[in-house]
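S.K.: Here you go, one structure.
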Amino acid sequence: MSGEGSVRERALVATGEELLALLHHPAADVLLALLDNPALDETHVCLLLGRKDLPGEVLEEVARRKALLKSYRVKRSLAFHPRAPRLASLRLLRDLYLMDLVQIAILPGVSAELKRNAEEQLLARLPQLPLGQKITLARRGPARVAGALLAEGHAQVISVVLDNPYLTEAQILKALSREKVPPSVVPAIVQHRKWSISYNVRLALVRHPATPLATILSYLSQLTVSDLRELAAPGIVPESLRKYLQAEVHRRTRAGGNATGGATSKDSRASGRE
């Protein structure tokens with residue numbers, strides 16, 4: 001019997017320290033033989049799946065074995081393996097716990113497809129989650145999930161989700177693009193130290209019917225004239241607000257004209273002295 005064949009035979013019956021040592025063997029056929037060893041338990045399988053260099057055929061075999069996948073630890077280890085079979089990983093997402101899905105969605109190195117599917121799983125579960133889990137998700141969840149929680153508008157969730165490091169401006173703007181949002185959303189954004197100073201968020205707040213007039217008026221001087229003109233076009237904002245926008249455009253245009261005129265006169269006088 002060849003040396004490798006002998007090792008493969010040992011893999012079928014090894015126990016204790018010998019079994020642990022064989023989990024690090026480089027040959028795929030030895031590792032496949034280990035999967036048939038009756039002494040192999042979930043701890044051994046998880047140690048095996050902890051190997052980043054695990055041959056693809058071993059990962060595929062683990063994914064095929066329903067008896068192994070009865071263990072949640074094994075399911076999780078396989079789903080998190082960077083070289084796990086694509087279809088197996090996608091299938092396993094349905095069985096992962098909430099925070100494991102969050103980890104999949106935010107870990108660097110995870111494929112975009114797997115991240116997107118993990119987010120879809122989280123979004124599908126949102127309506128059934130208790131408040132405590134929603135607060136946890138608001139603190140650590142990925143951008144799309146944070147955006148969905150923001151749009152729900154639960155008072156105890158909003159203050160947490162606006163501080164979520166994965167929340168993006170795009171998700172804030174998506175929430176503000178809805179004409180009807182829960183009453184607590186707009187004031188929370190207006191008062192937030194980060195999002196309240198974003199130019200695009202301020203522009204969206206000016207458009208939003210729930211933004212207080214005093215807040216809108218405080219933003220006008222910081223908007224560009226081109227944006228003010230666009231907002232002042234018929235049908236963009238209520239007529240009661242248009243007059244303020246038009247007045248600001250007129251003020252800016254007049255101020256700009258005076259400044260230009262003053263510079264021209266000064267230049268003319270300087271030219272005359274020459």
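S.K.: I'd like to check one number: the per residue accessible area of the chain, probe 1.4 Å, reported in Å² as a whole number.
M.R.: On the way: 14740 Å² over 274 residues.
On a per-residue basis, 54 Å².
S.K.: For residue 111, what is the net charge nearby, where nearby means another residue's Cβ is under 13 Å from its Cβ and Lys, Arg count +1, Asp, Glu -1? Could you put the intermediate results ahead of the total?
M.R.: On the way: positive: 83, 86, 115, 116; negative: 113, 119.
With Lys, Arg at +1 and Asp, Glu at -1, the neighbours total +2.
S.K.: Another question about this same structure. Report in % the part of the accessible area of region 120-170 that belongs to carbon and sulfur, leaving out ligands and nucleic acids; probe 1.4 Å. Don't jump to the answer; show the numbers that get you there.
M.R.: On the way: 1240 of 2260 Å².
Reported share for carbon and sulfur atoms: 55 percent.
S.K.: Filter 134/180; 180/243; 52/134 down to the pairs with a C-alpha to C-alpha distance above 29 Å, please. Write out the running numbers ahead of the final one.
M.R.: Values: 134/180 21 Å; 180/243 24 Å; 52/134 33 Å.
Long pairs (Cα-Cα over 29 Å): 52/134.
S.K.: Something else: Carbon and sulfur atoms: what percent of the 1.4 Å accessible area of region 1-49 do they account for? Provide the component values of the computation, followed by the final result.
M.R.: Values: 1430 of 2510 Å².
Exposed carbon and sulfur together represent 57 percent of the surface.
S.K.: Given a 1.4 Å probe and heavy atoms of the protein chains only, how would you sort 211, 253, largest accessible area at the top? Let's see the in-between values first.
M.R.: Numbers: 211 10, 253 70 Å².
Highest to lowest solvent-accessible surface, that is 253, 211.
S.K.: Roughly how far apart, in whole Å, are the Cα centres of region 3-57 and region 214-240?
M.R.: 68 Å
S.K.: About its Cα centre, what dipole magnitude does the chain give when the only charges are +1 on Lys and Arg Cβ and -1 on Asp and Glu Cβ, stated in debye to the nearest 20?
M.R.: Working: 38 positive and 27 negative charges, 307 e Å.
Here the chain has a charge dipole of around 1480 debye.
S.K.: Which of the three applies to region 137-188, rounded, prolate or oblate, going by the alpha-carbon gyration tensor with a ≥ b ≥ c and a/c under 1.5 meaning rounded?
M.R.: Details: a/c = 1.96, a/b = 1.27, b/c = 1.54.
Taking the square roots of the gyration eigenvalues as a ≥ b ≥ c, region 137-188 is oblate.
S.K.: With +1 assigned to the C-beta of every Lys and Arg and -1 to the C-beta of every Asp and Glu, and no other charges, what is the dipole magnitude of region 13-115 about the Cα centre in debye, to the nearest 20? Provide the component values of the computation, followed by the final result.
M.R.: Details: 14 positive and 13 negative charges, 117 e Å.
The calculation lands at about 560 debye.
S.K.: Which percent of the accessible area of region 64-116 is formed by carbon and sulfur heavy atoms (probe 1.4 angstrom)?
M.R.: Numbers: 1640 of 2980 Å².
Answer for region 64-116: carbon and sulfur cover 55 percent of the accessible area.
S.K.: Against the longest alpha carbon principal axis of the chain, how many degrees, from 0 to 90 and to the nearest 10, is the axis of helix 239-273 turned?
M.R.: Computed tilt is about 70 degrees.
The values are calculated or read from the model by the stated rules, or taken from the named source; none is laboratory data. Please read these numbers as outputs of a predicted model, since none were measured by experiment. Neighbour counts run over all protein chains shown; Cβ positions are idealised from the backbone, glycine included. These accessible areas exclude ligands, DNA and RNA; they are computed on the full protein's heavy atoms, side chains included. Shrake-Rupley method; radii C 1.70, N 1.55, O 1.52, S 1.80 Å.
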